[in-house]
Amino acid sequence: MKFSLSWLKQHLETTASADELAAKLTALGLEVEEIHDPAKDLAAFTIAEVVEAVQHPDADRLRVCRVMTSAGEMGVVCGAPNARAGIKVAFAAPGVTIPANGMVIKKAKIRGVDSAGMLCSASELGLSLGPDADKGIIELPADSPMGGSVASALGIDDPVFLVKLTPNRPDCTGVRGIARDLAAAGMGSLKPLDLSPVAASFASPIGVTLDFPPEAQQACPHFIGRLIRGVRNGESPAWLKRRLEQAGLRPISALVDITNYLTHDLGRPLHVFDVDKLSGTQITVRLARAGESMAALNGKTYELVEGMTVVADAAGPQALGGVIGAEGSGCQAQTTDVFLECAWFDPKRTARTGRALQIDSDARYRFERGVDPASVAWGAEVATRLILECCGGQASALVVAGASPKAPDALIYDPADCAAGSGVQIAPDEQHRLLEGLGFDVQPQAGGLFRVQPPSWRPDIDGSADVVEEVLRLHGFDAIPETFLPRQGLSAQGAVTPSWRRAERVRRALAARGLCEAVTWSMISRPAAMAVAGGQPVAEEMVLLNPITPDLAVMRGSILPGLIEGVSHNRMRGYPDTGLFEVGPVYDNPTLPGQKLVAGMVRSGSAVTRHWQAQSRQVDPFDVKADALAALQAAGCPTENLETEGLGAGPAYHPGQSGILKLGDRVLARFGAVHPRLLSAMDVSGSWVAAEVFLGLLPPAREGTARPALKVLPLQPVTRDFAFVVPDSVSAGALAKAARAADRRLIAGAEVFDIFTGPSLGEGMKSLAVAVTIQPIERTLTEQDMKELCARILAKVESDVGGRLRG
């Protein structure tokens, strides 16, 4: 919402400055985002007079001027063709910065002639003063005072406010509504508005009919029209054009400008039809029909949907109710007879129509918030009066269809609710005064209560709490005392929980492995949800009733689709080897226990970048297995006790290139190549691997941050290699676990480093080579100690996995 100080003062009698008004507006909840004051921007430029202008001796296009300024006479070299003696100009002294290019004016010699300043053009000052303004320097009015304000001489010394409105304040979509709030807050008095009826000269030959089915009567319950003959649709008056420009609008023609002006001035959208372009003598307000279309004033043609409100003649829709008019019946320079529309359209239906057709208009902005229903009657009179003043003509009698919607319900208000709800003691008489200043009808009742009737322009008032808010708003939110909540005698629970610390450690571990953290939507598309569920239909209880977009319609049962989309987004923008991770919730069902915390990670592309010292390769499941193990280790999981099974990790993973990590019977992580079905649903290709770590299934995180003391052993560790022949069904992890279990005190680790298969081993057998690290603790191990330990390793492997030492 943009308006100027002088525009505001058209409705508000006040002596307050622009800064004082802006501070009060923000305190009232009408946040002032910016005040643009041209007078401040041009304060460094002063009015001067050219005393003499002669040809430069060494330049055909330059003139040497003697300029009288407030500081005395100056010599200025100027290249403007209109530089001549006797004109008042905008003068920039040395040290002044030019707004258009940031140049700082300095004394200089130009072709051998001293120049001590600059005579400015409109473009150099960042002004738009008409098509011919940039052909030379600015020529100010002859009576402009020497040394005075350039902005004042140009008539642009009017601060412009930019106010951010909340959706619940439809009454402030017009300048008068903002003036009413300021007057109620003690910043002046609200000036009266002439709402008297305009005398009619004849009966309107055009009638209006409301044609809605019973269930859609509220689409447009009230419509008033009026025919105005003999208008002259020329250029608008200067004051009207200036108001529109201050609001950020482009003046078009008097008739159009008047409707735009009243939209911003009073929050009352209107429309005028060119009568000569209408078919028939009847206007019908109805719902759109299947197959109808309309060429709108914005130059676009829209296919209408049944249920949209249209204003139609015999030929079809001539306006979308509350949104935009049709191009075919719009007013042009040759228009002489117009039909004025002033109506009330349903906010919800208007909003749906605007969203469906993607039309943003000033009318839609106001109607979907709720235009004052009482303004239908007086809005037609105000608009008629302004049209007759600016364009002439004769007005017909009003054509009225329907009736004004029901006013907001009155409510019984207890003034004590203010103190109970806010802690601020405000006398009942003061509350009475504040509410009446906003237009509320307040009648005292028995027991000290008030009967409060909200005005027609405040549809947001529907309860006692809303009335309290209005009283506090005008009294001042900054007057609310600071009150600390009472302590309950219990120590406050720390905000940082063990689970939160665990999640943070997992994040740090994954980031250290080169993955970038992402925060993706908790919703995914229906095809992606079906893919991660193995092609099964999506449970309807997980489908959103009102999704942001069709691609975000289902609560995610897996964290992978969002990460895949994020990696794909980066690949398409030149980052092919991206890895992302996220720690967040997934949803098995809508209940609270159905929400689980998961750490997900996705890699794609090359695992090793191109380099002359290393051979490049694509990512594989072992890369994300290492990521998952790092996450589990950071979460405090005993990774040495984990078992790896390569039986397939579920429908989101390739069945032959995936596995799981188990602790006992509990699956803590899944990893592997992404299933082609999911890649197809996400419309991506290439090598993709992923992993999920189920943090909610881990044993409870232990409190305390103390680390165990570092234990450094003075004895050298020893490594022994073994090659075991085991059945094909035995995993490398199971063999390493069995080797470690032979002596948990002396054996520090066991890792499989080779695998061999062949006919010499026998059918269904394979050879796994494992390196066992032995760490002496109290003394150096003797040869006999080593023999006994190796024997225990062989026996344990044979008993646990059926392995024998390879000959």
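The values are calculated or read from the model by the stated rules, or taken from the named source; none is laboratory data. A quick note: this is a predicted structure, and the numbers were derived from the prediction, not measured. In this analysis, Cβ positions are derived from the backbone assuming ideal geometry, glycine residues included, and neighbour counts consider all displayed protein chains. Surface areas here come from the heavy atoms of the whole protein model, side chains and all, with no ligands, DNA or RNA. Shrake-Rupley method; radii C 1.70, N 1.55, O 1.52, S 1.80 Å.
Here is the figure for the stretch 134-176: residues that are closer than 19 Å to residue 243 by Cβ, of a type in the set (A, V, I, L, M, F, W, C) and modelled with pLDDT of 90 or more total 7. Set side by side, the residues 691, 649 differ, and just one is assigned to a loop (DSSP other than H, G, I, E, B), open to solvent by less than 30 Å² (accessible area, probe 1.4 Å) and closer than 12 Å to residue 560 by Cβ, which is 649.
The set of residues in the stretch 81-115 that are open to solvent by 60 Å² or more (accessible area, probe 1.4 Å) and closer than 18 Å to residue 39 by Cα comprises 97, 99, 100. Confirm whether residue 474 is within 30 Å of residue 590 (Cβ to Cβ), open to solvent by less than 20 Å² (accessible area, probe 1.4 Å) and not small (Gly, Ala, Ser). No, not satisfied.
Here residue 521 fulfils each of the conditions (1) open to solvent by 30 Å² or more (accessible area, probe 1.4 Å); (2) assigned to a helix (DSSP H, G or I) apart from (2). Among the residues making up the stretch 544-561, those that are of a type outside the set (Asp, Glu), under 24 Å from the mean Cα position of the chain (by Cα) and more than 16 Å from residue 689 (Cβ to Cβ) are 544, 545, 546, 547, 548, 549, 550, 552, 553, 554, 555, 556. Identification of helices (runs of 4 or more DSSP H) wholly contained in the stretch 342-435 with 3 or more residues that are more than 37 Å from the chain's Cα centre (by Cα) yields 375-391.
All of (1) surrounded by fewer than 16 Cβ atoms within 10 Å (Cβ to Cβ); (2) more than 20 Å from residue 731 (Cα to Cα); (3) touching a residue at least 24 places away in the same chain (Cβ under 8 Å) hold for residue 795 with one exception: (2).
Here is a yes/no grid of residues against (1) in contact with a Cys (Cβ under 6 Å, 6 or more places away or on another chain); (2) modelled with pLDDT under 95; (3) open to solvent by 20 Å² or more (accessible area, probe 1.4 Å); (4) under 28 Å from residue 180 (Cα atoms):
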{"site": "280", "(1), (2), (3), (4)": "no, yes, yes, no"}
{"site": "306", "(1), (2), (3), (4)": "no, yes, yes, no"}
{"site": "323", "(1), (2), (3), (4)": "no, no, no, yes"}
{"site": "344", "(1), (2), (3), (4)": "no, no, yes, yes"}
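Every condition in (1) touching a residue at least 40 places away in the same chain (Cβ under 8 Å); (2) on the phi < 0 side of the Ramachandran plot; (3) open to solvent by 40 Å² or more (accessible area, probe 1.4 Å); (4) assigned to a loop (DSSP other than H, G, I, E, B) holds for residue 637 except the one numbered (3). May I ask you to say which residue of 295, 203 is in contact (Cβ under 8 Å) with a residue 24 or more places away in the chain, surrounded by fewer than 20 Cβ atoms within 10 Å (Cβ to Cβ) and more than 20 Å from residue 378 (Cα to Cα)? None of the other options fit; the residue is 295. Among the residues of the stretch 687-707, the one identified as farther than 24 Å from residue 586 by Cβ and at pLDDT 85 or above is 687.
Go through 383, 465, 403 for me and flag whichever is of a type in the set (A, V, I, L, M, F, W, C) and over 22 Å from residue 220 (Cβ atoms). That would be 465, the only listed residue that is of a type in the set (A, V, I, L, M, F, W, C) and over 22 Å from residue 220 (Cβ atoms). Scanning the stretch 108-130 for residues that are part of a loop (DSSP other than H, G, I, E, B) and either in contact with a His (Cβ under 8 Å, 6 or more places away or on another chain) or under 21 Å from residue 150 (Cβ atoms) (or both) gives 111, 116, 117, 120, 122, 126, 127, 128, 129, 130.
Considering 477, 484, which residue is within 30 Å of the chain's Cα centre (by Cα) and under 30 Å from residue 421 (Cα atoms)?
Every option except 477 fails the conditions.
Do we have any residue at all in the stretch 763-785 that's modelled with pLDDT under 90, on the phi > 0 side of the Ramachandran plot and not acidic (Asp, Glu)? Taking every residue of the stretch 763-785 in turn, at least one turns out to be modelled with pLDDT under 90, on the phi > 0 side of the Ramachandran plot and not acidic (Asp, Glu).
Residue-by-condition table, conditions (1) among the acidic types (Asp, Glu); (2) modelled with pLDDT under 90; (3) part of a loop (DSSP other than H, G, I, E, B); (4) within 27 Å of residue 698 (Cα to Cα):
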site: 565; (1), (2), (3), (4): yes, no, no, no
site: 580; (1), (2), (3), (4): no, no, no, yes
site: 590; (1), (2), (3), (4): no, yes, yes, yes
site: 593; (1), (2), (3), (4): no, yes, yes, yes
site: 596; (1), (2), (3), (4): no, no, no, yes
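Within this structure, residue 482 fails the test of being over 18 Å from residue 624 (Cβ atoms), acidic (Asp, Glu), modelled with pLDDT of 90 or more and open to solvent by 50 Å² or more (accessible area, probe 1.4 Å). Considering the stretch 47-70, and only residues there that are in contact (Cβ under 8 Å) with a residue 60 or more places away in the chain and either assigned to a helix (DSSP H, G or I) or out of contact with any helix residue (DSSP H, G or I) (no Cβ under 7 Å at 6 or more places or on another chain) (or both), the residue that is farthest from residue 247 (Cα to Cα) turns out to be 68. In the stretch 164-179, the residues that are touching a residue at least 60 places away in the same chain (Cβ under 8 Å) and open to solvent by less than 10 Å² (accessible area, probe 1.4 Å) reach residues that are of a type in the set (A, V, I, L, M) and part of a helix (DSSP H, G or I) with C-beta atoms within less than 8 angstrom, at least six apart or across chains, in these pairs: 172/178; 174/266; 175/8; 175/266; 178/8; 178/25; 179/8.
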